Amino acid sequence: MKLRTRLCDLLGIEYPILQGGMAWVSTAELAAAVSEAGGLGIIGSGHAPTEWLEEQIKKAKGLTNKPFGVNVMLMSPFVEQNMQLIIRERVPVVTTGAGNPGKFIPGLKEVGSKVIPVIPSVALAQRMAKAGVDAVIAEGGESGGHIGELSTMPLVPQVVDAVDIPVIAAGGFFDGRGLVAALALGAQGIQMGTRFMCATECVIHDNVKQLLVKAKDRETVVTGRTTGHPVRIIRNKLAKQFEEKERQGASVEELEKMGVGRLRMAMVEGDVQEGSVMAGQICGMIKRIEPAAEIIKDIVTGAEQVIGRLSKGEF
Ligand code: TUI
């Protein structure tokens, strides 16, 4: 059995597995490794300046001939220049987060880039489908980092029913069981971030990887609800300080100031107490650091086993 969906044909990939584009985490090395393994690797551009992104795109092109993507965080101050670069470089796939990419869609489509926004609601999915995007990533609040209101289980089927473009499910996926569950909900693939943080090729500090390997199911919390920008992170010293400040009714300005530079502090410097370790609820399932190709293989073989079992009526 071949685990191919129409999404694979759309993106030119072997397996319907996307690696989420994570700021300070998914560089060209990880993205190329995932693409080489048959998934879609995605460079996370976050708040990075255009020179950095250019270097990463060129590096990825040198490491793989397969399609890869770039994620554009729409709150970045470099969003305009980064989109121009992506268009010049004809990056095969562009995913977006934390906003509405509407005005960039025509320019990207003109050079043949596939445009796939992350959407946290049915309304935004419908708006994006009307604007001509190629697919949407329906991301539930089980994800790490900046999240929406809904969980994956209610979000995905509602989005599937509301649009007629492919839907990729994200938030809470880890293995083949999750992939089959996503397909059962009508999605054509999954996006995973947290598990790929513990890929051998991921350049983040080893302290973060070890923390995720040790993490249990209840290790993450959502901070920043009072600022309007909720973020799921590992419950560490920073998270506790943030929660305390929010309980005391701190202002949005004070809370935002507290968060500046914290993601880099964790991911690059390895300060897993004072830094912001954004991670999803599946962190409890991560048991080892392994190559991206092993992660993809585990998901695919796991999914095939589940489908085989279900199709024999072995529930
Ligand atoms: O973007 C993410 N997750 C992220 S971005 C990020 S970078 C960051 N760095 C420092 C502090 C805070 C963040 C970390 N994690 N996921 C995709 C995502 N997009 N989740 C939710 C949304 C979203 C929210 C609102 C997408 C669209 C949207 O639209 C609002 C509107 O209608 O314009």
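Here are the numbers:
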item: Filter result for Glu36 (under 30 Å from Gly176 (Cα atoms), in the same structural domain as Ile299 (by the TED database) and open to solvent by 60 Å² or more (accessible area, probe 1.4 Å)); result: yes
item: Failed condition for Ala123, given (1) within 12 Å of the ligand (Cβ to nearest atom); (2) of a type outside the set (Asp, Glu); (3) under 19 Å from the mean Cα position of the chain (by Cα); (4) open to solvent by 20 Å² or more (accessible area, probe 1.4 Å); result: (3)
item: Segment 89-98, subset in contact with a helix residue (DSSP H, G or I) (Cβ under 9 Å, 6 or more places away or on another chain) and either open to solvent by 30 Å² or more (accessible area, probe 1.4 Å) or assigned to a helix (DSSP H, G or I) (or both), residue farthest from the ligand (Cβ to nearest atom); result: Glu89
item: Inter-residue pairs, beta-carbon under 7 Å, first on the phi > 0 side of the Ramachandran plot and aliphatic (A, V, I, L, M) and in segment 103-114, second modelled with pLDDT of 95 or more and surrounded by fewer than 14 Cβ atoms within 10 Å (Cβ to Cβ), 6+ apart; result: none
item: Count - residues of segment 284-312 that are without any contact (Cβ under 8 Å) to a residue 60 or more places away in the chain and closer than 16 Å to Ala181 by Cα; result: 2
item: Segment 109-120, subset among the β-branched types (Val, Ile, Thr) and within 12 Å of the ligand (Cβ to nearest atom), residue most open to solvent (accessible area, probe 1.4 Å); result: Val118
item: Residue match in segment 283-296 (condition: in a helix (DSSP H, G or I) and more than 30 Å from Thr64 (Cβ to Cβ)); result: yes
item: Tally of residues being under 27 Å from Asp164 (Cα atoms), more than 16 Å from the ligand (Cβ to nearest atom) and surrounded by 21 or more Cβ atoms within 10 Å (Cβ to Cβ) across segment 9-33; result: 5
item: Residue in segment 218-242 that is farthest from the ligand (Cβ to nearest atom), counting only those that are surrounded by 15 or more Cβ atoms within 10 Å (Cβ to Cβ) and more than 16 Å from Gly144 (Cα to Cα); result: Thr226
item: Top-ranked residue of segment 136-159 - restricted to ones that are within 11 Å of the ligand (Cβ to nearest atom) and open to solvent by 40 Å² or more (accessible area, probe 1.4 Å), ranked as nearest to Met192 (Cα to Cα); result: His146
item: Selection status of Thr194, among the β-branched types (Val, Ile, Thr), farther than 20 Å from Phe174 by Cα and surrounded by 15 or more Cβ atoms within 10 Å (Cβ to Cβ); result: no
item: Sole exception among (1) in contact with a helix residue (DSSP H, G or I) (Cβ under 7 Å, 6 or more places away or on another chain); (2) within 26 Å of Ile295 (Cβ to Cβ); (3) open to solvent by less than 20 Å² (accessible area, probe 1.4 Å); (4) of a type outside the set (Lys, Arg) for Gly44, by number; result: (1)
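Residue-by-condition table, conditions (1) among the basic types (Lys, Arg); (2) assigned to a helix (DSSP H, G or I); (3) within 16 Å of the ligand (Cβ to nearest atom); (4) open to solvent by 10 Å² or more (accessible area, probe 1.4 Å):
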{"residue": "Asn82", "(1), (2), (3), (4)": "no, yes, yes, no"}
{"residue": "Gly107", "(1), (2), (3), (4)": "no, yes, no, yes"}
{"residue": "Ala129", "(1), (2), (3), (4)": "no, yes, yes, yes"}
{"residue": "Asp134", "(1), (2), (3), (4)": "no, no, no, yes"}
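Table: residues versus (1) farther than 17 Å from Glu201 by Cα; (2) within 16 Å of the ligand (Cβ to nearest atom).
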| position | (1), (2) |
| --- | --- |
| Gly39 | no, no |
| Pro49 | yes, yes |
| Trp52 | yes, yes |
| Gly62 | no, no |
| Gly69 | no, yes |
| Val79 | yes, yes |
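The values are calculated or read from the model by the stated rules, or taken from the named source; none is laboratory data. None of the values given here were measured: they were computed from a predicted structure. In this analysis, Cβ positions are derived from the backbone assuming ideal geometry, glycine residues included, and neighbour counts consider all displayed protein chains. Note: accessible area is taken over every heavy atom of the protein model, side chains too, but ligands, DNA and RNA are not part of it. Shrake-Rupley method; radii C 1.70, N 1.55, O 1.52, S 1.80 Å.
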